[in-house]
Amino acid sequence: MKIPHAAEPRPDTGLYNAKLGTWLFLAFNAMFFASLFSAYVLLRFADAANWPEPGSSLWVEAGLAQTAFMLLAAAAAAQAWLALSAGPVARARGMLAAAMLCGAGFLAALGAGYRELALRGDLPRESAYHGIYFAITALIGLQVLGAICVTAYLIGPGGLRRSQAPLRFMNWVECSGLYWQFLALVWVAAFVVFHLF
Amino acid sequence: MNAGNASRSGQPAPGWRRLVEGPRWLFFSADHKAVGLAYGMTAALFLLAGFGLMLVMRWQLAYPGTPLPLIGRFLSPANYWLPGGILQPNAYNQFGAMHGTIMVFFAVVPLAVGAFGAYLTPLMLGAGNIVFPRLSRLGYLLYLAGGVIMLASFFAPDGPAAAGWTAYPPLATIEPSGQTYWLFGMLALGFSNLLLSLTLIATIVQARAPGLHFMRLPYFVWSQLIASLLLLLAMPSFAAACVLQLMDRLLGTSFFLPDGLIISGQQMAAAGGGSPLLWQHLFWFLAHPEVYVLILPAFGIIAEIIANNARKPLWGYRGMVAATLFLGLMSMLVWAHHMYLTGMASGMTAFFQVTTVIISVPSIVLGTALLASLWGGSLRFTPPMLWAMAFLPMFGIGGFTGLPLALSATNIHLHDTNYVVGHFHLIVGPGTLFALFAGVYYWFPKFTGRMMNERLAHLHFWPSLLFMFFTFAPMLLQGMAGVSRRLYDGGMTYAHAQDVLFLNKASTHSAIGLALAQLPFLLNLWWSLRRGRPAGPNPWEATTLEWAAPSPPRPNGNFDAPPRVYRGPCEYSVPGAARDFSPQHVREDRA
């Protein structure tokens, strides 16, 4: 017996399996980051005396660059799926590659920001603020790395299977787009929290 | 007969081959039955390990400072945990922490959700396999990896974790390397639970047979769905907490370390600014829903068995479903009732007290519905039914003992006493474990094509009921007398404990009796696999879809043809029907 609805959506739910699985994974991820943001809030008030002015110890330009990269990556991933629906694969591959590059740009800006903090002696162990900043941003960075790997697979070996199962490949691209969009949303939330609260 | 299960002569394969297709199938196949059986066998080994740790601890509590019987004399004076067979104080803490961790995370949940859930859910849905088979296999391998890391911690330089299964900082932050193993093991388990829950939820939503809409699902499937949703949404908080505690231990951060912490008379070299309460909130945000993950699959198993053996529909199926959904929602809103003594503001305490009392309502609805399902039924006291009937009063007692803990005024006196230990063990022991035994007896014919021996089943059941109750009920009395939990000497040095110290012996002797009572079960498993009476596809005359598959089901794929569903899951004794059960997949069954 074949597994049903691997490519075609199930009529009553309107979902194919991978999309539901992606949403469930994003729900897990959303709760994961919600817990970290809750930790930020609790630490903010537990260590209020030593908490720096919002954003004062962070490199704002790097943060803005990271935000731009993430938004561009999310847009590129969405465009990749739209391009597949319209026709030419080359445009879709280009958009996926753009998403990867933007992700790499995000990681580079993140690394530059870490270097700046390290040179100033603002290491994770120095204070609860720097600790939670590194924890949240590093975990976002790890997931961006994961998204880059997934996108690389879609351009590379995964893309080779496109001719055998075009609908399934399109579904994979859609799911990867959802993931990029989620990460962009989490980063924007993190950027706002670190720079305003 | 499955080709894979037949010997060359075409006769059914003997013994364990009836259960599995071979080690390669068991550990590497992406078939949900292989995954479920792998979870079950691994979890059973962990259950034995956790049980063994408990027996050693119980001996120390009953006879402090005396060597273990039988094996104590063989242990050298240089033994790290048991020199000369006498359990050491720090080893007691380590055994306690690992007993709790192993039992909750590596034994009961993998049995209830991994084994029963992964094996039975696709069958009950009429599906050929779980929706993401390779992910579910990866989930098992991550669980195994986490378990191996936990067991490896026993060989760490200073032994395993000793800060309790709750791993509260600052103690957990300063503990030796065993705690680091614990954290990595729990992270692996957390991702395993993500994959397990994700695949189960997706299967339930997407792989239902034609005609199987949600209100025709067996209650077992509903219970697995809600339990999986709880795992999916609550586990991330604990994963985050583990990451932060690892950073505290390995990178010198201070998420859980307050300012000015003094350890052994010296100020700790840490920046401070953290809060131990942060860990407690993140931990209990998972750990309270986790206890509902422990009990909901048990309710699911019991409901199927009661309907089948009372030969009538479940009373209030829709109400049970609604109660389970509400229970799942409320379980995410009660976590701080484990933290009444942390100095929370009275408004917060009041909020959690209210939500905790409210959450008892759906539990009572479920228990009442199951009890009412017996009324007017033609009861068959089969072995699964014995366990199911025992579950009801045992869960009732365990559940009611939770009410004094729900109310903060009484919780102040009972928190961290043996009362708490008695309460949760009475729910998990004679609650969940009885349900799991019931499930084994009920579905063993499906897994293997053989019936279990009834005489041995009775020899297992009656002593287990007696000894299970008397292992944990005395703890309630000790707790009410004020005896704290996690005391190495069982309260020997406290004046207020003297009158109830003898109960340590009662609990210990009962625990030993409980251990001996499992021998008929092990014998039954071995004997039934070899010589059990052959069972057809539906020996219990049940209505749900798994009984439409062969016994055992095909090693890959389940049904000869995809079934179609025409009715609800508990259509027993339908007026005008040809038989007293109307299977879901049979179109018309009139007299």
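The values are calculated or read from the model by the stated rules, or taken from the named source; none is laboratory data. The shown structure was predicted, so the numbers you read here are calculated from the model rather than taken from an experiment. Neighbour counts are summed over all protein chains in view; Cβ atoms, including those assigned to glycine, are modelled from backbone coordinates with ideal geometry. Just the protein is used for accessible areas: all its heavy atoms, side chains included, with ligands, DNA and RNA removed. Shrake-Rupley method; radii C 1.70, N 1.55, O 1.52, S 1.80 Å.
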query = What is the one condition in (1) modelled with pLDDT under 95; (2) among the aliphatic types (A, V, I, L, M); (3) surrounded by 20 or more Cβ atoms within 10 Å (Cβ to Cβ) that A:L160 does not satisfy?
reply = (3)
task = Could you please find all residues in the stretch B:350-381 being open to solvent by 20 Å² or more (accessible area, probe 1.4 Å) and β-branched (V, I, T)?
result = B:V354, B:V357, B:I358, B:V361, B:I364, B:V365, B:T368
request  = Take the stretch B:137-159 and flag every residue that is within 18 Å of B:F105 (Cβ to Cβ) and of a type outside the set (A, V, I, L, M, F, W, C).
outcome  = B:G139, B:Y140, B:Y143, B:G146, B:G147, B:S153
For B:G536: the one exception among (1) buried (at least 16 other Cβ atoms within 10 Å of the Cβ); (2) in a loop (DSSP other than H, G, I, E, B); (3) among the small types (G, A, S) = (1)
request  = List the number of the failed condition for B:P77; all other conditions in (1) in contact with a helix residue (DSSP H, G or I) (Cβ under 7 Å, 6 or more places away or on another chain); (2) open to solvent by less than 50 Å² (accessible area, probe 1.4 Å); (3) not hydrophobic (A, V, I, L, M, F, W, C) hold.
outcome  = (2)
request  = Can you tell me which residue among B:F214, B:F238, B:F220 is more than 8 Å from every other protein chain (Cβ to nearest Cβ) and either open to solvent by 10 Å² or more (accessible area, probe 1.4 Å) or in contact with a Ser or Thr (Cβ under 7 Å, 6 or more places away or on another chain) (or both)?
outcome  = B:F214
query = When you go through (1) modelled with pLDDT of 95 or more; (2) more than 11 Å from chain A (Cβ to nearest Cβ) one by one for B:P157, which number turns out not to apply?
reply = (1)
task = Go through the residues of the stretch B:330-345 one by one and say whether even a single one is surrounded by fewer than 17 Cβ atoms within 10 Å (Cβ to Cβ) and assigned to a helix (DSSP H, G or I).
result = yes
request  = Determine, yes or no, whether B:G265 is away from chain A (no Cβ under 11 Å) and at pLDDT below 95.
outcome  = yes
inquiry  = Condition (residue is among the small types (G, A, S), open to solvent by less than 10 Å² (accessible area, probe 1.4 Å), closer than 25 Å to A:F28 by Cα and in contact (Cβ under 8 Å) with a residue 24 or more places away in the chain) applied to the stretch B:274-294: is it met by at least one residue?
reply    = yes
request  = Could you tell me whether any residue of the stretch B:117-134 is out of contact with any Gly (no Cβ under 9 Å at 6 or more places or on another chain) and open to solvent by 10 Å² or more (accessible area, probe 1.4 Å)?
outcome  = yes
note = Just one listed residue, out of B:F424, B:F437, is part of a helix (DSSP H, G or I), at negative phi and open to solvent by 60 Å² or more (accessible area, probe 1.4 Å), and it is B:F424
inquiry  = Can you tell me which residue is nearest to A:L142 (Cα to Cα) among those in the stretch A:86-106 that are open to solvent by 10 Å² or more (accessible area, probe 1.4 Å) and in contact (Cβ under 8 Å) with a residue 40 or more places away in the chain?
reply    = A:A104
note = Of (1) crowded, with 19+ Cβ neighbours inside 10 Å; (2) closer than 30 Å to A:F197 by Cα, A:A83 fails just (2)
note = Of the residues in the stretch B:559-582 that are modelled with pLDDT of 90 or more and within 14 Å of another protein chain (Cβ to nearest Cβ), the one that is farthest from B:H213 (Cα to Cα) is B:P563
ask   = Looking only at residues in the stretch A:22-31 that are in contact (Cβ under 8 Å) with a residue 40 or more places away in the chain and open to solvent by less than 40 Å² (accessible area, probe 1.4 Å), which one is nearest to the other protein chains (Cβ to nearest Cβ)?
value = A:N29
query = If B:L233 satisfies every condition in (1) in contact (Cβ under 8 Å) with a residue 60 or more places away in the chain; (2) within 11 Å of chain A (Cβ to nearest Cβ); (3) surrounded by fewer than 23 Cβ atoms within 10 Å (Cβ to Cβ); (4) over 21 Å from the mean Cα position of the chain (by Cα) but one, which is the exception?
reply = (4)
query = Across the stretch B:389-433, what is the total count of residues that are aromatic (F, W, Y) and without any contact (Cβ under 8 Å) to a residue 60 or more places away in the chain?
reply = 1
key: Those residues of the stretch A:124-133 which are within 8 Å of chain B (Cβ to nearest Cβ), in a helix (DSSP H, G or I), open to solvent by 10 Å² or more (accessible area, probe 1.4 Å) and of a type outside the set (D, E), in sequence order   = A:P124, A:R125
query = For the stretch B:362-381, does any single residue satisfy the condition of being basic (K, R) and in a helix (DSSP H, G or I)?
reply = no
Some residue of the stretch A:70-77 being touching a residue at least 60 places away in the same chain (Cβ under 8 Å) and at the interface with another protein chain (Cβ under 9 Å from one of its Cβ atoms) = no
Matching residues in the stretch B:249-262 - criterion: being facing chain A (nearest Cβ under 7 Å) and either buried (at least 19 other Cβ atoms within 10 Å of the Cβ) or under 15 Å from A:A39 (Cβ atoms) (or both) = B:T253, B:S254, B:F255
inquiry  = For the stretch A:52-107, which positions are among the acidic types (D, E) and in a helix (DSSP H, G or I)?
reply    = A:E61
query = Taking the stated definitions as given, is B:F191 surrounded by fewer than 24 Cβ atoms within 10 Å (Cβ to Cβ) and of a type in the set (F, W, Y)?
reply = yes
ask   = Among the residues of the stretch B:242-250, is any under 34 Å from the mean Cα position of the chain (by Cα) and over 27 Å from A:A49 (Cβ atoms)?
value = yes
key: Given (1) out of contact with any helix residue (DSSP H, G or I) (no Cβ under 6 Å at 6 or more places or on another chain); (2) modelled with pLDDT under 95, number of the condition B:G273 does not satisfy   = (1)
query = Would it be correct to say that B:G146 is within 19 Å of the chain's Cα centre (by Cα), within 14 Å of chain A (Cβ to nearest Cβ) and open to solvent by less than 10 Å² (accessible area, probe 1.4 Å)?
reply = no
